[in-house]
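Contents: one structure, followed by commentary.
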Amino acid sequence: MTTQDIEMDASVAQTGRRGFLRGAGLAGIGLVGAGLASAPVRAEAEPGATRARDRRGRYVWLAGDHHLHSQYSNDAMYRIDDQAARAVAGGLDWIVITDHGNVPFATYSIAPQSADIAAARERYGENLLIFNGLEWNIPAGEHTTFMMAPGRSEAEVLQEFVDAYDARVVDARDGTPANEALAIEAIRFVQSMIDSRRLADALILPNHPSRKGIDSPAELRAWQDAAPGIVIGFEGAPGHQAAGLPAPGMARGRGLYDSGPGGHSFPGYPEESYRTWGGYDWMTATVGGLWDSLLSEGRKWWITTTSDGHQGCGDWVKNPVDPLNQTGYDNLPYNDDGDTFNTTGVYPPPIGTGRPVAEYSSFPPGAYNKTWVGATDFSHQAVMEAMRAGRMWTCFGDLIHGLDVQLRSSRYRGRGREVTLGENLSVQAGTEVELTVTIDLADRVNYAGLLPELARVDLILGRVTGPTDDPDTLYAPDTRVVKSWDTSGKTGSIELTYVVEVEHDIYLRIRGTDGKRSQPGFLGADIDPAGPAMDVPGEVNPWEDLWFYTNPIFASVR
């Protein structure tokens, strides 16, 4: 197979495809906007000119995705170069390649995968920052992003890490005390690689944390305690959002959250935690829930969102890959007419144009999930520093175009004494502080060919009370929605303000919605009167239920 035989459509804005899909009755389920009626764009095409990026004050805001798979995963399909092209087309500035850890990957994949990443970095230059990483099977837990800053030893360290600490390689999946201890050892190994300068930097974020219920609250806390500068949060909104598209889509749970507890699941998680809520993980979506319990301890625990990109719902492919038969569709064969991954550690990419595959669970990178980071410049290290600092907000379906959040003492308004997402404002007790939220509303159609409208913005306030005595604490009873703004019908840019007197340490975070699906929050209407609704598998169109969430800003009493 030559590169000339491989075609991949990276376009997200071709009107011919939208017309084709509307004629086929598929408009509005997320397959519109993918250009299916147009000639494919070859992955070999030049990346294009460097685009202007949104700088607000001290930071340039870069959109990214830290959870993407390639042909070096046993359940994915595209070359790394293809994923890079798709990411650029989807409006992303940075991505992390996180192929699955397993024995074939450890045996065959790391060297050629690293070479492909190096080639893609060279090719895409100022258009896209590409990180090497792993979807790590953390011992006793679920899947976890492990991302590394570029450096001479990244492939070598990745090989050592997978060989010694990936649960599928060393048979450490079960939730035993020994395996839990191995996870802590692995995290400390990563810290030692940074301390010894074999790695320039690394971050760890658990993926889809509630999907199987096996990442217990105590484990999350223990992982961060082992290396607070490396374990910085979790995937607050999972990928695989296309799995929720009604037929002819997969008609499953958003994020593939449609199972229940297993033998190693934490027994304290309620039944509702195994579903997404407005597409977000229950830990994030529940006001006063597990994320808030971590924040109320004063932890720097941040959320992200990713595509979990294995393929792309609506892609035209002649021989689609479904090696694990995840969709249950008998007409999706192995992508190379036979499972060779176990003996090669790589799948050939799909070739040619065949039919648009609606039964894929992922949207292309940038099409639906975006994590925005406030970086000091366009560099790998600046992105990682921004992530560690919590200067991040997450968004579905390009619900909004831009966001700026500032907190300042009311008496110093306009004097440059403000903090933003992830930062802390230290004030004397009794000081009034003013939160200012500036939102650039959507002014263009998204990947689905729809122009989103922001209907409501909510402010959530919690009290920081310090470390908990119970590491399995699930809730933060002092956190609630304190203000909601009706933003329906507005256009352009809007500014929202809120003033609060700081008598004790607090944090504030923002979310917004298109307002199409809401219900009282899991902990009751007095805490969250109109939160995201619990997703019912097969009955929720992700494009008709869009949300954005910010990370918090803290205010502390000195």
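The values are calculated or read from the model by the stated rules, or taken from the named source; none is laboratory data. Because the structure is a prediction, the values reported are computed rather than measured. A quick note on method: Cβ atoms are made from the backbone with ideal geometry, for glycine too, and the neighbour counts reach across all protein chains shown. To get the accessible areas, we keep the full protein, side chains included, count just its heavy atoms, and leave off ligands, DNA and RNA. Shrake-Rupley method; radii C 1.70, N 1.55, O 1.52, S 1.80 Å.
Overall, the ratio between the Cα radius of gyration of the stretch 424-535 and 2.2 N^0.38 Å, rounded to two decimals, is 1.26. For the chain, the solvent-accessible area works out to 34 Å² per residue, with a probe of 1.4 Å and every protein chain left in place. Remark: the stretch 55-62, residue by residue, has Karplus-estimated 3J(HN,Hα) of 9, 10, x, 7, 10, 9, 9, 10 Hz, where x stands for each Gly or Pro and the curve is 6.51 cos²θ - 1.76 cosθ + 1.60 at θ = phi - 60°. Split the accessible area of the chain by element, probe 1.4 Å, and carbon with sulfur accounts for 50%. Taking a ≥ b ≥ c as the square roots of the Cα gyration tensor eigenvalues, with a/c under 1.5 meaning rounded and otherwise prolate when a/b beats b/c, else oblate, which class fits the stretch 80-202? Verdict is prolate for the stretch 80-202. Please state the shape class of the stretch 407-471: rounded when a/c is under 1.5, otherwise prolate if a/b exceeds b/c and oblate if not, all from the C-alpha gyration tensor. Here the stretch 407-471 falls in the oblate category. Along the stretch 537-547 the Karplus relation, 6.51 cos²θ - 1.76 cosθ + 1.60 evaluated at θ = phi - 60°, assigns HN-Hα couplings of x, x, 10, 10, 8, x, 6, 9, 7, 9, 9 Hz to successive residues, with x for each Gly and Pro. Here is how the number arises for the chain: DSSP H runs of 4 or more residues each give -39500 (n - 2.57), the sum is divided by the residue count, and the result at 222 nm is -5500 deg cm²/dmol. The length gained on full extension between SER556 and ASP195, counted as 0.36 nm times the residue separation minus their Cα-Cα distance, comes to 126.9 nm. Straight Cα distances below 13 angstrom link LYS370 to the aspartates and glutamates ASP65, ASP93, GLU235, ASP308, ASP398, with same-chain residues fewer than 8 positions distant left out.
Positive end of the dipole of the chain (Cβ unit charges, origin at the Cα centre): among PRO150, LEU451, ALA118, the Cα lying farthest that way belongs to LEU451. Cross-link reach is defined here as a Cα-Cα straight distance under 20 Å, omitting same-chain residues fewer than 8 places apart; for LYS300 none of the lysines meet it. Taking amide H as placed 1.01 Å from N in the peptide plane, VAL317 has its amide H under 5 Å from the amide H of GLY354, ARG355, VAL357, each at least 5 places away in sequence or on another chain.
Its relative contact order, with pairs defined as Cα atoms under 8 Å and 6+ residues apart, puts the stretch 82-184 at 29 percent.
For LYS516, the aspartates and glutamates whose Cα falls under 14 Å of its own Cα, not counting residues fewer than eight places away in the same chain, are GLU453, ASP486, ASP535, GLU539, GLU544, ASP545. Take the Cα of SER153, step 7 Å toward its Cβ, do the same at ASP171, and the gap between the two points is 3.1 nm.
For the peptides 494-504, 514-524, the ranking by packing is 514-524, 494-504, with the highest mean count of neighbouring Cβ atoms within 10 Å listed first. Charge tally around GLN224: other residues with Cβ under 9 Å, Lys/Arg +1 each, Asp/Glu -1 each, net +2. Dipole of the chain computed with +1 at Lys/Arg Cβ and -1 at Asp/Glu Cβ about the Cα centre; of ILE494, VAL464, THR107, farthest Cα towards the positive end is ILE494.
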